[in-house]
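The values are calculated or read from the model by the stated rules, or taken from the named source; none is laboratory data. From a predicted model like this one, the values you see are computed outputs, not experimental measurements. No Cβ is skipped: glycine too gets one built from the backbone with ideal geometry, and neighbour counts run over all protein chains shown.
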Amino acid sequence: MQFLLALSSNPILRKLDPKLRYQHVRDARGEYHLVDLWMKLSDLAESARYNPSANVYHLFTRENPTASQPLLINSPGLLEMTNYRNNRRTVVLIHGWRDSVLSDFNTVLVPAFLAAEDLNVIALDWSAGSGSVNYAAALANTITSGRAVAEFINWLNEASGSTPVQYHIVGHGLGGHQAGIVARNVKGDVTIVTGLDPSLIGWINHSDRFQPDDATYTEVIHTNCGVHGYISNLAQVDFYPNGGESMPGCNSHTCDHARSFFYFAESLTTGGFTGRQCVNYMAAILQTCNILPGRLQMGGLQPKIGRTGVFLLETNAAPPFSRG
């Protein structure tokens, strides 16, 4: 008697979610996609076709606040032709899934940062990796892109004389986790990493997710936790506006998810957003944070080095969002 072993031509390599294989995930455009969270060989093959050298880096400064200047790794001549200055702090912005450099994330944050301080603002376009409807492939590309961005920053520092302490890396959704990946692969200690509603699906048990020690100071703002956004605390300091879900003035999860960068943009220019400390993230979600005396401002330009904890605050339904 002969026994035949039938091997799948597309085997499962990793279960991004060990329980629910198929889930509906909404992208940055507000469109739902039924995604397979068990990574198959074909997903890995698609991810392997992504070349992170296709990433494009768009430089904005107060000298060119609306029209970007391109930066390319290993192109010092091009760098010299731009308005990049090594005596400024540098912000790196990383968009999310199915998004691009033209996303609201960038159109909101670039002018907010430049209004707040004379900075180099670099908006990353990794849409070649994030644009796939295949969420498992896009998630894998998040890690590949993050390492490539770190290589770019390492080169930029060597070419310009800048240092990691001058950097503030900010990411949204998948880009929220990528911001941490970038910082932990940069040579030296990045000062600030801000995660704006970092993604939940596929990241719960993922070793490359946002980590508290990715930078000297790390902060996360949760505005759609448990749906698009990660539900529990990830950083040294985690803010849960309005309990982290159902933002005032919003009628969709997409709006909630985006509120993270609208709140952050306002914090850069006007301050406000005073959070009160919670015992843990569940207390923040349940909005029962009336025991601890701690208070802390959400967002802003300056790191709150030495501060830790979970904080709750309430917002207005329309700008100005801050209640002070």
(request) Starting from the range 83-99, keep only residues that are under 16 Å from LEU301 (Cβ atoms) and at pLDDT 95 or above, then list their pairs with residues that are of a type in the set (Ser, Thr, Tyr) and buried (at least 23 other Cβ atoms within 10 Å of the Cβ) whose Cβ atoms are within a distance under 9 Å, requiring at least 6 positions of separation or different chains. (result) ARG89/TYR167; THR90/TYR167; VAL91/TYR167; VAL92/TYR167
(message) If I filter the range 204-219 down to residues being surrounded by fewer than 24 Cβ atoms within 10 Å (Cβ to Cβ) and touching a Leu at 6+ places or on another chain (Cβ under 8 Å), which single residue comes out as modelled with the lowest pLDDT?
(response) HIS206
(message) Anything in the range 206-232 that is among the charged types (D, E, K, R) and farther than 16 Å from THR308 by Cβ? List them, or say none.
(response) ASP208, ARG209
(request) Report yes if some residue within the range 175-184 is surrounded by fewer than 21 Cβ atoms within 10 Å (Cβ to Cβ) and of a type outside the set (Gly, Ala, Ser); otherwise report no. (result) yes
(message) Suppose we filter THR163, THR144 for residues that are out of contact with any Lys or Arg (no Cβ under 8 Å at 6 or more places or on another chain) and farther than 15 Å from ASP208 by Cβ; which single one remains?
(response) THR163
(request) Within the range 251-288, track down each residue that is under 17 Å from ARG323 (Cα atoms) and over 19 Å from the mean Cα position of the chain (by Cα). (result) THR269, THR270, GLY271, GLY272, PHE273, THR274, GLY275, ARG276, GLN277, GLN287
(message) Can you go through ARG259, ARG295 and tell me which one is basic (Lys, Arg), surrounded by fewer than 20 Cβ atoms within 10 Å (Cβ to Cβ) and at pLDDT 95 or above?
(response) ARG295
(request) Quick one: in the range 220-253, of everything that is touching a helix residue (DSSP H, G or I) at 6+ places or on another chain (Cβ under 6 Å), under 17 Å from THR194 (Cβ atoms) and among the hydroxyl-bearing types (Ser, Thr, Tyr), which residue is surrounded by the most Cβ atoms within 10 Å (Cβ to Cβ)? (result) THR223
(request) Output the residue which, of all residues in the range 91-137 that are buried (at least 23 other Cβ atoms within 10 Å of the Cβ) and of a type in the set (Ser, Thr, Tyr), is farthest from PHE60 (Cα to Cα). (result) TYR135
(request) Answer with yes or no whether VAL165 is surrounded by fewer than 24 Cβ atoms within 10 Å (Cβ to Cβ), β-branched (Val, Ile, Thr), touching a helix residue (DSSP H, G or I) at 6+ places or on another chain (Cβ under 9 Å) and closer than 29 Å to TYR263 by Cβ. (result) no
